[in-house]
Amino acid sequence: MAHGPSLFEVAERVEGDTLERTCSDLGDCKRCKLHRHRNKIVFGAGSPTAELMFIGEGPGHDEDLQGLPFVGRAGQLLTQMIEAMGLSRGEVYIANVVKCRPPENRAPEKDEVASCMPFLLRQIASIQPKAIVCLGSVAMQALLNTNKAISRLRGEWIDFRGARLMPTYHPAYLLRNPHAKPEVWTDLKKVMAYLGLKPPIRGASRS
Ligand code: URA
């Protein structure tokens, strides 16, 4: 008879938890059907003590091959956004709602999100970021358990598990709709103000 996941496996908070322990509990995960087509699990990357976390939807083609989040075209734009905030990718933490690539880049399904969410919540609980930037509607709806549109909630702080969460548009959306970039920059500036970050001075090294 098949056994369901143990209580420990679905725990959202584990005493003395670390990212290493969460990763090891995730193991060679086969909890949902996404494992069948994946190359690599994309656990997340960045600083374990980051004040700022970015959470996307799920790995795409490049992420699935490399095992790292946001390394494709949308990832390059995310890197630019992070650097425009005066930070580097190594200073923040980047993760996704699901850790395996959905086939054909479809949105993750409810059961897949449900299987993966405890691990993301454990990552958030260990890192204890001050702010979380939620990238796009899939991540926002999954984390906040809402059906509201990203266009309705973006730009507004929402208290989330001891952090402040800022929903904004996904960089892949910005690649298709560059006219929305100023709205995202407005949202990121709120995050910068909250974290006391100043944008880098461009060309400073040349003067
Ligand atoms: N899009 C996402 O939501 N996450 C990634 O890691 C890459 C693209």
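The values are calculated or read from the model by the stated rules, or taken from the named source; none is laboratory data. Only a predicted model underlies this, so the values are computations on that prediction, with no experimental measurement involved. Positions of Cβ are generated from backbone atoms using ideal geometry, with glycine treated the same way; all protein chains shown enter the neighbour counts. Remember, those area values only see protein heavy atoms, side chains included, never the ligands or the DNA or RNA. Shrake-Rupley method; radii C 1.70, N 1.55, O 1.52, S 1.80 Å.
Numbers below:
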read-out	value
At most 15 other Cβ within 10 Å, DSSP loop - GluC sites (Glu not before Pro), the range 62-112	Glu109
Karplus-derived HN-Hα couplings along the range 119-136 (A = 6.51, B = -1.76, C = 1.60, θ = phi - 60°), whole Hz, x at Gly and Pro	6, 5, 5, 5, 4, 5, 5, 6, 6, 6, x, 6, 9, 10, 9, 9, 9, x
Dipole in debye (nearest 20) - the chain, about Cα centre, beta carbon charges: Lys, Arg +1; Asp, Glu -1	560 debye
Per residue value of the accessible surface for the range 47-200 (all protein chains in place, 1.4 Å probe), Å²	44 Å²
Radius ratio Rg over Rh of the range 53-207, counting only Cα atoms, Kirkwood formula for Rh	0.95
Distant-in-sequence amide H partners of Arg164 (H built 1.01 Å from N, under 5 Å)	Ala131, Ile132
Heavy-atom accessible surface of the range 59-125: percent carbon and sulfur, 1.4 Å	51 percent
Mean separation of Cα contacts under 8 Å, 6 or more apart, over the residue count of the range 17-133: relative contact order %	40 percent
Local electrostatic count at Pro48 - Lys and Arg +1, Asp and Glu -1, tallied over other residues with Cβ under 12 Å	-3
For Asn96, residues with placed amide H under 5 Å, excluding near neighbours	Gly56
On Cα atoms only, tilt of 181-195 relative to the major axis of the chain in degrees	80 degrees
For the range 2-119: rounded, prolate or oblate by the Cα gyration tensor [a/c cutoff 1.5]	oblate
Exceeding the 22 Å Cα-Cα cut-off - candidates Lys99/Lys189; Lys130/Lys198; Lys130/Lys189; Lys110/Lys148; Lys33/Lys130	Lys99/Lys189; Lys33/Lys130
Value at 222 nm in deg cm²/dmol, rounded to 500, when DSSP H runs of n ≥ 4 in the chain each add -39,500 (n - 2.57)	-11000 deg cm²/dmol
Integer Hz, Karplus 6.51/-1.76/1.60 couplings in order for the range 23-38, x for Gly and Pro	5, 6, 5, 5, x, 8, 4, 10, 6, 9, 5, 5, 5, 5, 10, 7
Using θ = phi - 60° and Karplus 6.51 cos²θ - 1.76 cosθ + 1.60, couplings along the range 46-58 (whole Hz; Gly, Pro as x)	x, 7, x, 10, 4, 7, 10, 10, 10, 10, x, 8, x
